[in-house]
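J.: One structure coming up, written as structure tokens, with questions to follow.
The values are calculated or read from the model by the stated rules, or taken from the named source; none is laboratory data. The model shown is predicted, which means the values in this text are computed figures rather than measured ones. Note that we place each Cβ from the backbone using ideal geometry, even for glycine, and neighbour counts take in every protein chain shown. Calculation scope for accessible area: heavy atoms of the full protein, side chains included, ligands and nucleic acids excluded. Shrake-Rupley method; radii C 1.70, N 1.55, O 1.52, S 1.80 Å.
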Amino acid sequence: MGAVLSALGTLGAVIAVGWLLGRTGTLGERAAPVLARVVFAVATPALLLVTVAHADLHLLLSRTAVVTWSSTVLVALTAVLVLRLVWRRGAAEVTVGTLASSYVNAGNLGLPLAVYLLGDAVAVVPALLFQLLVLAPVAFAVLDARATAAAPDEDPRSGRAWTLRVRAVVRRTLSNPIIVGTLTGLVLAALPWRLPEVVYQPFALVGAAAAPLALLTFGMSLAVPRTAASRAPRRELALAVGLRSVVHPVLAWALGAALGLPAPALLAVVAMASLPTAQNVLVYAMQYGRGEALARDAGLVTTVMCVPVLLVVTATLG
């Protein structure tokens, strides 16, 4: 558990620096959006390219991966059904709310947790790859689709208008930096040979800035004066926190036990499912200008709740 507290303490220290920068205005009023853009367009794609290129794709066929993927899909579908069908939220708000409920902090917190608590960094790979190869591309496709409209002189119901819209969505999706970085890494991982490490070093150097910059951006967003309009809606926040901190770990445990995972593997999947909402969700929300308050507040609350949740998980399964 010392590893968990150490990792959370490190995250908290960097977030505090971001809050201090935002509070004092040291970097200017537009610093947070600029940093978010750098993380989204440069640092994160570089990190994903290197991470996916070095991943063992055979892990995607393991029972551990099945539990991780299945539990994450169930959580995401629950969020979509409640937000869209029950509360009638727009597509962009549903997408950000779903990410806040299902997209875990696998890189910043999951990796050190896997190394120090579980003794194997491989434990974080199924969750990381599922988020990079499935959740993120689907989310960006929806958000890009909402940002793309039919030509003004076209009947939106006409066949030509739909064709133009599909082409625009595909073009925007395939030009998304994060999707490009992930797909490039996937192609490199599937090659029968490995490129020399020197090729990856520039990407690794730039990618190393993704986590600290995302945390600084998160901290700076917390320094913005809070008004009623800038707070996340209580129902959406409660849904995201409940799914993230309670439902997902329970689902992972139930599915893992049903599939007969051995004790170490079961602890690994439940611990990964107990991670808080990733700060990158806020970066994505800021990039598209939707759901920023929910992404920020969900990240903060689930990070605080992560400690007691992981204490219960390790005491029960460790």
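J.: With springs only between Cα atoms under 10 Å apart, run a GNM on the chain and tell me which of ALA141, ALA123, ALA46 wobbles the most.
T.: Largest GNM mean-square fluctuation: ALA141.
J.: Compute, for TRP19, the solvent-accessible surface of its heavy atoms (probe 1.4 Å) with the complete set of protein chains present, and express it in square angstrom to the nearest 10.
T.: Accessible surface of TRP19 is approximately 110 Å².
J.: State which helices in the chain qualify, where a helix is a whole DSSP H run, it must extend 24 Å or more along its own axis by its Cα atoms, and its mean Kyte-Doolittle hydropathy must be at least -0.5.
T.: TM-like helix candidates: 2-24, 63-80, 292-317.
J.: Continuing with this model, one more query. With the contact rule set at Cα under 8 Å and sequence spacing of 6 or more, what percent relative contact order holds for the stretch 17-118?
T.: 16 percent
J.: While we're on this one: Residues with amide H under 5 Å of VAL104's amide H, sequence separation 5 or more or different chain, H placed in the peptide plane at 1.01 Å from N; which?
T.: Those lying under 5 Å, H to H, from VAL104 are ALA278.
J.: Rg to Rh for the chain: what is it, with Cα atoms only and Rh by Kirkwood?
T.: 0.97
J.: I'd like to know which of VAL198, SER71, VAL307 lies farthest towards the positive end of the charge dipole of the chain, counting +1 on Cβ of Lys and Arg and -1 on Cβ of Asp and Glu.
T.: Value computed over the given set: SER71.
J.: Evaluate the relative contact order of the chain (contact order divided by residue number), counting alpha-carbon pairs under 8 angstrom at least 6 apart; express in whole percent.
T.: Relative contact order, the chain: 35 percent.
J.: Could I ask something else about it? What part of the accessible area of the stretch 180-307, given as a whole %, is carbon or sulfur when the probe is 1.4 angstrom?
T.: Here carbon and sulfur together make up 74 percent of the probe-accessible area.
J.: List every residue whose amide H lies under 5 Å from the amide H of ARG290, counting only residues 5 or more places away in sequence or on a different chain, with H placed 1.01 Å from N in the peptide plane.
T.: Counting only residues 5 or more places away or on other chains, the set is empty.
J.: Springs between alpha-carbon pairs under 10 angstrom, Gaussian network model over the chain: which of ALA268, ALA36, ALA136 fluctuates most?
T.: Answer for the Gaussian network model of the chain: ALA136.
J.: Please build a GNM for the chain, connecting alpha carbons under 10 Å apart, and tell me which residue among LEU35, LEU113, LEU49 fluctuates the most.
T.: LEU35
J.: Okay, moving on. Where only protein heavy atoms count, and the probe is 1.4 Å, what is the accessible area per residue for the chain in Å²?
T.: So the chain comes to 47 Å² accessible per residue, rounded to a whole number.
J.: May I pose another question? Please give the charge dipole size of the chain, origin at the Cα centre, charges +1 on K and R Cβ atoms and -1 on D and E Cβ atoms. Round to the nearest 20 debye.
T.: 740 debye
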